[in-house]
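Heads up: the structure comes next, in C-alpha cells.
The values are calculated or read from the model by the stated rules, or taken from the named source; none is laboratory data. Values in this document were obtained by computation on a predicted structure and should not be read as measured data. Because the Cβ atoms are built from the backbone with ideal geometry, glycine has one as well, and the counts that use them run over all protein chains shown.
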Amino acid sequence: MQLNIKQFCSSLSSVFRCNGSLPYGDKGRRKSRFALCRRNKANGVKPSTVHMSCTPQAAKAVSNKEQHSISYTLSRAQTVVVEYTHDSNTDMFQIGRSTESPIDFVVTDTVPGGQNQADSQTLQSTISRFACRIICQRNPPYSARIYAAGFDTSKNIFLGEKAAKWRMQDGQMDALTTNGVLVMHPRHGFCQDSKPGQWREISVCGNVFTLRETRSAQQRGNMVESESNELVDGSLIDLCGATLLWRTAEGLSLTPTVKHLEALRQELNAGRPQCPVGFNTLAFPSLRRKDVLDEKQPWAYLRCGHVHGYHGWGGRCDPEVEAECQERECPMCRARGPYVPLWLGCEPGFYVDAESPTHAFVPCGHVCSEKTTVYWSQIPLPHGTHAFHAACPFCIQPLSRETGCVKLIFQSPLD
C-alpha cells in the first residue's frame, strides 16, 4: 500500500500490489491510498498518568470510554495502566484490519498478483485488527510519527501476558505487538539516487529496535537510539501482511501524475512498435483497461527483453508446469525464459522519477522507468515471519533472484 501526504498535514498511503486501485475498487475506508489531512478538530493523544497496579483509578481509566489508555499485563495480579490525555497540537490516524470506527484506513492481507486475502478463505490474516497509529503535528513542520498498536472502540490498547513488554529506565512501560510493525526509511530520500535503509521494528511507545529473530518472538531486538519513528518521504511500513509506502506532499510534487503516465503511454504507442515476427502494430491499453488483455497487447520474453505480439508457439511442453508458467524460446535470439504480457505501472507514487517506461519487472511484466525498476529490485520486503525478498510494488509478486528487471527491446515499424 502507499501513503501520500497532503500539503498542510500528513501523508497519503499507497498499498503495495494495488497498481492504482483495489481489485474491486476503492470504497470508503478500504482503498489503495489514503490522504492524511488536518482534522477540523484535533484528536491526538499523549501519555499522562501511570498506574503501577490494579488500583481503582486504573480500573476507572480502562472502563472510561472517553479516556484513552494502554494496559500492560505483567501477571494475573499486576497490570500497569498508562492514561493518555488529549493533545491539541496533533491529529491521530489509525490503520488496521478492523472495519470498526476507530480505524481510518482499513487494510487487508495481500497475496501476489493483486488479489485480496479475502479471495483465499484458507488463509488466516496476520494483520492486527488495530495495527498501528500515526500521530501528525497540526502545525509546521507537520512531522508524522508512527506507533505500534491502535486504540480500540473503547479507546484502549491491551497488551497481554504473552506480549513482549518491559519497563524502561525512566519507569515507563513499552511493548511490541504480536507480529510487529516494521519500518524502513530510504537513504538519500525517495528519488533516483535512493538506496534501501535498514528494517526496524517500532514499539507501542514509538521507540526503534532491531528486528526480532522472528516476527512474534518474545525477545525484543536492541534499541536503536540514533533513529526515530518519524516518517520520511518513501518510508515503508510493513504490517505483516500488507506493506504501505509513505509519501510526503513535497515528495509527491516531484512525482509523475496519472496524466503524465498517460502521456508517456501515448508517446510509446505513437512510436508504433511492431511485432518482429507478425509485423502487427502493438499498443499498450489505456490505464483504465490496465488489466484487460487486448489483441494489440505487447508481450515480452523476459530473459532477453524482446517485445512481440502474442503467439502460441515456441513453448516447452512440460505437463508438470502450468501453461502460464511455461518457458518460451525467443524467435529473435533463441533465449528461453518467461513470456508474459506487459502492463504499465499505474500507481504514480511508486515512481522515483518521471522518465519513460523502458524496463519491466521479472517475472510479472509490469513496466515503468529504469530507475524505478532498479530501486524496487533492491528493496528486501518482509515475507512471512522471518523472510525477505524483492517484489514488484504494483502486484507484490516476488522478483527473479537472477535479475529483478529487464530492459525492453521494441522494434520500430519497417515502413
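Observations on the structure shown:
- Filter pass, R215 being surrounded by 14 or more Cβ atoms within 10 Å (Cβ to Cβ) and assigned to a strand (DSSP E or B): no
- Test: S21 is at pLDDT below 75 and part of a loop (DSSP other than H, G, I, E, B): yes
- Residues of the stretch 148-160 satisfying the condition of being under 16 Å from T85 (Cα atoms) and buried (at least 20 other Cβ atoms within 10 Å of the Cβ): G150, N156, I157
- Residue within the stretch 353-367 that is in contact (Cβ under 8 Å) with a residue 12 or more places away in the chain, of a type in the set (V, I, T) and part of a strand (DSSP E or B) present: yes
- Screening the stretch 164-180 for residues that are touching a Phe, Trp or Tyr at 6+ places or on another chain (Cβ under 8 Å) and either in contact (Cβ under 8 Å) with a residue 40 or more places away in the chain or not assigned by TED's automatic domain parsing to the domain that holds P47 (or both) and picking the one that is surrounded by the most Cβ atoms within 10 Å (Cβ to Cβ) gives L176.
- For A335: the one exception among (1) aliphatic (A, V, I, L, M); (2) at positive phi; (3) surrounded by fewer than 22 Cβ atoms within 10 Å (Cβ to Cβ): (2)
- Selected residue (only one of L239, L231 is buried (at least 18 other Cβ atoms within 10 Å of the Cβ) and touching a Phe, Trp or Tyr at 6+ places or on another chain (Cβ under 7 Å)): L231
- I70 at pLDDT 95 or above and closer than 30 Å to C392 by Cα: no
- Condition met for Y301 (modelled with pLDDT under 95 and either of a type in the set (A, V, I, L, M, F, W, C) or touching a strand residue (DSSP E or B) at 6+ places or on another chain (Cβ under 6 Å) (or both)): no
- L239 fulfils the conditions (1) out of contact with any Cys (no Cβ under 8 Å at 6 or more places or on another chain); (2) within 30 Å of A148 (Cα to Cα) except for a single criterion, (1).
- Within the stretch 250-271, being small (G, A, S), under 29 Å from A35 (Cα atoms) and more than 19 Å from the chain's Cα centre (by Cα) holds for S253, A263.
- Among residues of the stretch 127-180, those that are assigned to a loop (DSSP other than H, G, I, E, B), closer than 27 Å to R76 by Cα and among the polar types (S, T, N, Q), counted: 8
- All positions within the stretch 359-407 that are surrounded by fewer than 21 Cβ atoms within 10 Å (Cβ to Cβ) and closer than 18 Å to P341 by Cβ: P363, Q397, S400, K407
- The condition of being over 30 Å from K165 (Cα atoms) and of a type in the set (V, I, T) holds for only one of V292, V204, that being V292.
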